[in-house]
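Okay, structure first, notes after.
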Amino acid sequence: MRVLLIIPAYNEEENILSTIKSIEEFKKNNSQNYSYTIDYVVINDGSTDKTQAILDDNQINSVHLVMNLGIGGAVQTGYRYAKENDYDIAVQFDGDGQHDINSLDCVVKPILKKEADFVIGSRFLPDEKADFQTTFMRRVGIKILSFLIYLSSRKKIYDVTSGYRACNKEIIAYFSKKYPTSYPEPESTVHLLKKKFSIKEVAVNMMERSGGQSSIRSFTSVKYMVEVSIAIIVSGFMREGD
């Protein structure tokens, strides 16, 4: 089985090299422990800092987008790469150092065992909360979005904005054709639920960003919450075949 880490990066000059080094060290130390191989591709989303130079200078496998598409467009580029290169499992993995590579097997294993089509690495599972919990206001916002997803799908998702997610080959093909651009994590989760894909949440470790700025700095703003709430509600009205 071949696993691809899709690593979106926008102005991550402070973090991207350490993120890649942690993956390479993990691969070196665990190559005999798992029944799958691990590759990665960095999707440089039109960065204006030194991200591209760092990737090129260190010969890191990457795709350079000529303009900033946003997180949705960058991640979909990764899914298209996964489909074109016939990967069995794709894992979204942030380039900012917040995702712990040591939790990789937690999100991959349920797919290997055919327990789920899609796995979300969660910080907020009851009795299994990660050490890093993000800010109080973001947690409040996540709970609101979690409730809206439950209303639209009757499925409880605790960490609706987690970017640490894995999927099987069927979802790779689906996401390569259709992936939300504005609020991809909660929207895409609703899309999958409406299409009857099985989703599982597992506990993972996440860490605080060590440098740079988050792409969702406006998370606690009223405007953001209103827009993403509407997006979830609209997605909830999708027909199964959409």
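How about the range 135-160: which of its residues are under 17 Å from the mean Cα position of the chain (by Cα) and either basic (Lys, Arg) or open to solvent by 30 Å² or more (accessible area, probe 1.4 Å) (or both)? Of everything in the range 135-160, just one residue is under 17 Å from the mean Cα position of the chain (by Cα) and either basic (Lys, Arg) or open to solvent by 30 Å² or more (accessible area, probe 1.4 Å) (or both), namely TYR158. Could you check, for the range 102-123, whether at least one of its residues is open to solvent by less than 10 Å² (accessible area, probe 1.4 Å), closer than 12 Å to ILE172 by Cβ, in contact with a Cys (Cβ under 8 Å, 6 or more places away or on another chain) and in contact (Cβ under 8 Å) with a residue 60 or more places away in the chain? Yes; the residues of the range 102-123 include at least one that is open to solvent by less than 10 Å² (accessible area, probe 1.4 Å), closer than 12 Å to ILE172 by Cβ, in contact with a Cys (Cβ under 8 Å, 6 or more places away or on another chain) and in contact (Cβ under 8 Å) with a residue 60 or more places away in the chain. Restricting ILE144, ILE120, ILE149, ILE172 to those that are in a helix (DSSP H, G or I) and under 29 Å from SER47 (Cα atoms) reduces the list to ILE172. So is PHE132 at pLDDT below 95, out of contact with any Pro (no Cβ under 7 Å at 6 or more places or on another chain), among the hydrophobic types (A, V, I, L, M, F, W, C) and open to solvent by 80 Å² or more (accessible area, probe 1.4 Å) or not? Answer is no for this residue. Pick from the range 183-199 the residues that are open to solvent by 20 Å² or more (accessible area, probe 1.4 Å) and within 15 Å of the chain's Cα centre (by Cα): which of them is nearest to MET225 (Cα to Cα)? Restricting to residues being open to solvent by 20 Å² or more (accessible area, probe 1.4 Å) and within 15 Å of the chain's Cα centre (by Cα), the top hit is TYR183.
For the range 161-170, a residue qualifies if it is open to solvent by less than 10 Å² (accessible area, probe 1.4 Å) and over 15 Å from VAL107 (Cα atoms), but none of them does. Filtering the range 16-26 for residues that are within 27 Å of PRO180 (Cα to Cα) and open to solvent by 20 Å² or more (accessible area, probe 1.4 Å) leaves an empty set.
The values are calculated or read from the model by the stated rules, or taken from the named source; none is laboratory data. Everything quoted here is computed from the prediction, not taken from an experiment. When we count neighbours, we look across all protein chains shown, and the Cβ atoms used for this are built from the backbone with ideal geometry, even at glycine. Keep in mind that these areas ignore ligands, DNA and RNA; they rest on the heavy atoms of the full protein, side chains included. Shrake-Rupley method; radii C 1.70, N 1.55, O 1.52, S 1.80 Å.
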